[in-house]
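**Student:** I have a structure here, written as structure tokens, and I will follow up with some questions on it.
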Amino acid sequence: MELDTQLNASDRSTRETISDNFRKIQAAYNDIQNQIDTVNGRLDRLDAEKATHDEMYQIRDNWNDRASHIALGTDVETTKAVVEQILQEKGLI
């Protein structure tokens, strides 16, 4: 952005020069503000989609619990489904 710095109080075009400078500054400000708004919008969307540290630990714990139940045979429905799938793949049922 190039501003006119040659201002002379006795010059009739000084008011127009100041007005032009203001328009240039306002346009530059608007461009920067639009960029800030765009970045803030993207950050808000990313923040809304991210999982927190605690949520990740909860998911991990849930999967560990489920895997333990399957390994111990206490998750009957999943164990039954897995056994049936294996038997079907072997052609036994």
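**Student:** Scan the range 9-36 and report the pairs whose first residue is modelled with pLDDT of 90 or more and whose second residue is loosely packed, with under 12 Cβ neighbours inside 10 Å and charged (D, E, K, R), with Cβ atoms within less than 8 Å and a gap of 6+ or a chain change.
**Tutor:** Qualifying pairs under 8 Å: K24/E2.
Condition check ((1) surrounded by 11 or more Cβ atoms within 10 Å (Cβ to Cβ); (2) in a helix (DSSP H, G or I); (3) within 35 Å of the chain's Cα centre (by Cα)) across all residues:
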{"position": "R12", "(1), (2), (3)": "no, no, no"}
{"position": "E16", "(1), (2), (3)": "yes, yes, no"}
{"position": "D20", "(1), (2), (3)": "yes, yes, no"}
{"position": "K24", "(1), (2), (3)": "yes, yes, yes"}
{"position": "D31", "(1), (2), (3)": "yes, yes, yes"}
{"position": "D61", "(1), (2), (3)": "no, yes, yes"}
{"position": "R66", "(1), (2), (3)": "yes, yes, yes"}
{"position": "T74", "(1), (2), (3)": "no, no, no"}
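**Student:** Let me ask something additional. Kindly indicate whether any position in the range 43-63 is out of contact with any Lys or Arg (no Cβ under 6 Å at 6 or more places or on another chain) and under 30 Å from M1 (Cα atoms).
**Tutor:** Yes: the range 43-63 contains one or more residues that are out of contact with any Lys or Arg (no Cβ under 6 Å at 6 or more places or on another chain) and under 30 Å from M1 (Cα atoms).
**Student:** Here's a follow-up. Which ones in the range 76-93 are open to solvent by 90 Å² or more (accessible area, probe 1.4 Å) and in a helix (DSSP H, G or I)? Before you say what the answer is, go through the steps one by one.
**Tutor:** Step one: filter the range 76-93 for residues open to solvent by 90 Å² or more (accessible area, probe 1.4 Å), giving 76-77, 80, 85, 88-90, 92-93.
The answer is V76, E77, K80, Q85, Q88, E89.
The values are calculated or read from the model by the stated rules, or taken from the named source; none is laboratory data. What you see is a predicted model; the values in this text were computed from it and never measured. Backbone-built Cβ (ideal geometry, glycine too); neighbour counts: all protein chains shown. Surface accessibility is based on the protein's heavy atoms, side chains included, excluding ligands, DNA and RNA. Shrake-Rupley method; radii C 1.70, N 1.55, O 1.52, S 1.80 Å.
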